[in-house]
Every structure is written in C-alpha cells, then in structure tokens.
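Comments concern the structure below.
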C-alpha cells in the first residue's frame, strides 16, 4: 500500500515537471534564434529547461526514498544502475569516436533522454535476470 502511495506521489510530481520541461524547451527554442551568440541572456534562457531536468532527477530520488518496499526499491535502483552504465558506455564510446574520427557530433542534450531509455532497458534486465520488471510508476 505504501508503495502505491509513493508511486502516486511520484506521478504527481512527474506530470507537472514534464509539462514544465516541454514548455520551457519550446519557449527557449522560440526565444533564442538559431546560431545565436552565447550572451548572458541566451545562456540563461537556454538553461531554464535544465531546471526541469533537475526536477526529474529530484522526483526519482524522492520516489526511491519514499518506497517502503525494499524489493521494489531494489528493482528501481537496478534499473537506474543499468541506465547509468549504458549511458556512460555509449557517451564514452561515442566521445572517443568523435575525438578520433569524423563521425557526426551528438549534442550533450541527448544524454538524459538516453538515460531515460536506459531505464526501460534496466526493466528488461530485471525481467530477464530476476523475473520481475517491477511496477510501472
């Protein structure tokens, strides 16, 4: 029961954060012209969506700390570890390719979305190794 209420609070946090993220990315894209110079104003506007990304991370950390079911907490932490490992491996590998070859540059913006996709991979790893992918928050 406590895990259900933790999940509800998590969803209650993630929905407004997601909306804020989408709105701030769209606004920043409209306000800042393509190839704009990095002035204090453009940098400040461009960094506003990062506040929402920080909100995502905070909400996930709160969810982990609010979970009373240790098994579900372990499943969630394993998902995050898989996501972190995959993201670091992909970013490091691609970074070396960028350094040594002429592959296209990938903006750092994509690191967090890749990590989020890694959470799905972590759920699959949990399912394959433990037989339980965990609850879908």
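Quick note: the coordinates plus some simple rules give every number you see, no bench work behind them. Quantities reported herein were computed from a predicted structural model and do not represent experimental measurements. We place every Cβ from the backbone using ideal geometry, glycine too, and count neighbours over all the protein chains shown.
Things to note:
- The stretch between residue 91 and residue 37 holds 16.8 nm of extra length on full extension. This uses 0.36 nm per residue minus the Cα-Cα distance.
- Angle in degrees between helix 70-100 and the longest Cα principal axis of the chain, rounded to the nearest 10: 30 degrees
- Relative contact order [Cα under 8 Å, 6+ residues apart], the range 45-137, whole percent: 34 percent
- For the range 1-76: relative contact order, % (alpha-carbon pairs under 8 angstrom, 6 or more apart): 51 percent
- Angle between the chain longest axis and helix 111-129 axis [Cα atoms, degrees, rounded to 10]: 20 degrees
- The angle separating the long axis of helix 40-66 from the principal Cα axis of greatest extent in the chain is about 10 degrees.
- Entry for P(r) over Cα pairs in 5 Å bins from 0, in percent (calculated from the structure that is shown) out of [x] 2, 9, 14, 17, 17, 15, 12, 7, 5, 2, 0; [y] 2, 10, 19, 19, 15, 11, 9, 7, 4, 2, 1, 0; [z] 2, 10, 19, 23, 23, 14, 7, 2, 0: [x]
- Highest GNM mean-square fluctuation among 58, 115, 94, for the chain modelled with Cα contacts below 10 Å: 94.
- Each of 69, 35 was scored by other Cβ atoms within 10 Å of its Cβ. Listed from fewest to most, they are 35, 69.
- Shape category assigned to the range 70-137 from the gyration tensor of Cα positions, a/c cut at 1.5: prolate
- Listed residues 12, 93, 122, most fluctuating in the chain (Gaussian network, C-alpha, under 10 Å): 93
- In the range 1-46 the Cα-Cα distances spread across 5 Å bins starting at 0 as 5, 20, 18, 14, 11, 9, 9, 7, 5, 3, 0 percent of all pairs.
- Fully extended contour minus Cα-Cα distance, from residue 100 to residue 124, at 0.36 nm per residue: 5.3 nm
- Result for the chain in a Gaussian network model with C-alpha springs under 10 Å: among 114, 72, 43, the largest mean-square fluctuation is at 43.
- Protection proxy ranking, highest mean first, for peptides 98-111, 76-89, 44-57: 76-89, 44-57, 98-111, where packing is the per-residue count of other beta-carbon atoms within 10 Å, averaged.
- Alpha-carbon centroids, the range 1-62 and the range 86-137: separation in whole Å: 20 Å
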